[in-house]
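A.B. asks: Below is a structure I'd like to ask you about.
The values are calculated or read from the model by the stated rules, or taken from the named source; none is laboratory data. What you see is a predicted model; the values in this text were computed from it and never measured. Reconstructed Cβ throughout: ideal geometry from the backbone, glycine too, with neighbour counts over all protein chains shown.
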């Protein structure tokens, strides 16, 4: 299995200033990586309408609906870090992590992301990363089996 996170799927800093733009930005990285079709990004907005993907600790995990699984070519994540917080329904988000998983692979990926972001010391390291390369290096745990 290929890595779910590649360097090209990490962006620092992100350009978005709104939740919708952040979802588009995280989704675009997944599309550009060849992991999903553009229709998956539409499904990310559908998911957000039914339930907020804000998770706490400055993290939102936008992802598509179950109905969009046929738009996923391979499991992947995208990571966008924002210098200024993005308002996510009244919550401050500094990380938008787009997730697409084949055959429920998103559950395993979500678990790995949750472990990293549940540790406030790790989140501080991610916030302090000086570049996309450094952020990518800090997130290598998501690629480990």
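A.B. asks: So is residue 3 in contact (Cβ under 8 Å) with a residue 60 or more places away in the chain, surrounded by fewer than 20 Cβ atoms within 10 Å (Cβ to Cβ) and part of a strand (DSSP E or B) or not?
C.D. replies: Values: in contact (Cβ under 8 Å) with a residue 60 or more places away in the chain: yes; surrounded by fewer than 20 Cβ atoms within 10 Å (Cβ to Cβ): yes; part of a strand (DSSP E or B): no.
Criteria not met by residue 3.
A.B. asks: Filter segment 61-74 down to the residues that are touching a residue at least 24 places away in the same chain (Cβ under 8 Å) and either assigned to a helix (DSSP H, G or I) or more than 12 Å from the chain's Cα centre (by Cα) (or both) and list them by number. Steps first, please.
C.D. replies: Residues of segment 61-74 touching a residue at least 24 places away in the same chain (Cβ under 8 Å): 61-64, 67-69, 71-74.
Hits for segment 61-74 are 67, 68, 69, 71, 72, 73, 74.
A.B. asks: Same structure, new question: Step by step: first the residues of segment 6-15, then only those that are in a loop (DSSP other than H, G, I, E, B) and touching a strand residue (DSSP E or B) at 6+ places or on another chain (Cβ under 6 Å), then the one that is farthest from residue 78 (Cα to Cα). Which residue is that? Break it down stepwise before answering.
C.D. replies: Of the residues in segment 6-15, the ones in a loop (DSSP other than H, G, I, E, B) are 6, 12-15.
From the residues that got through so far, the ones that are touching a strand residue (DSSP E or B) at 6+ places or on another chain (Cβ under 6 Å) too are 12-14.
Numbers: 12: 11, 13: 13, 14: 11 Å.
Among those that are in a loop (DSSP other than H, G, I, E, B) and touching a strand residue (DSSP E or B) at 6+ places or on another chain (Cβ under 6 Å), it is 13.
A.B. asks: Given the condition in a helix (DSSP H, G or I) and within 14 Å of residue 80 (Cβ to Cβ), answer yes or no: does some residue in segment 102-114 qualify?
C.D. replies: We begin by selecting, within segment 102-114, every residue in a helix (DSSP H, G or I); these are 105-114.
Those left that are additionally within 14 Å of residue 80 (Cβ to Cβ): 113.
Looking through segment 102-114, at least one residue is in a helix (DSSP H, G or I) and within 14 Å of residue 80 (Cβ to Cβ).
A.B. asks: So which residues in segment 20-60 are buried (at least 21 other Cβ atoms within 10 Å of the Cβ) and part of a strand (DSSP E or B), if there are any at all?
C.D. replies: 36, 59, 60
A.B. asks: Still on this structure, please answer the following. Here is a check on your reading of the model: is residue 121 assigned to a helix (DSSP H, G or I), more than 15 Å from the chain's Cα centre (by Cα) and modelled with pLDDT of 95 or more? Can you show your working first?
C.D. replies: Values: assigned to a helix (DSSP H, G or I): yes; more than 15 Å from the chain's Cα centre (by Cα): yes; modelled with pLDDT of 95 or more: yes.
The answer is yes for residue 121.
A.B. asks: Inspect segment 89-101 for any residue being exposed (fewer than 15 other Cβ atoms within 10 Å of the Cβ), touching a residue at least 12 places away in the same chain (Cβ under 8 Å) and over 19 Å from residue 133 (Cα atoms) and give the result as yes or no. Write out each step before concluding.
C.D. replies: Residues of segment 89-101 exposed (fewer than 15 other Cβ atoms within 10 Å of the Cβ): 89-90, 92.
Right, trim to touching a residue at least 12 places away in the same chain (Cβ under 8 Å) and you get 89, 92.
Okay, now just the ones that are also over 19 Å from residue 133 (Cα atoms), so 89, 92.
Yes, segment 89-101 contains a residue that is exposed (fewer than 15 other Cβ atoms within 10 Å of the Cβ), touching a residue at least 12 places away in the same chain (Cβ under 8 Å) and over 19 Å from residue 133 (Cα atoms).
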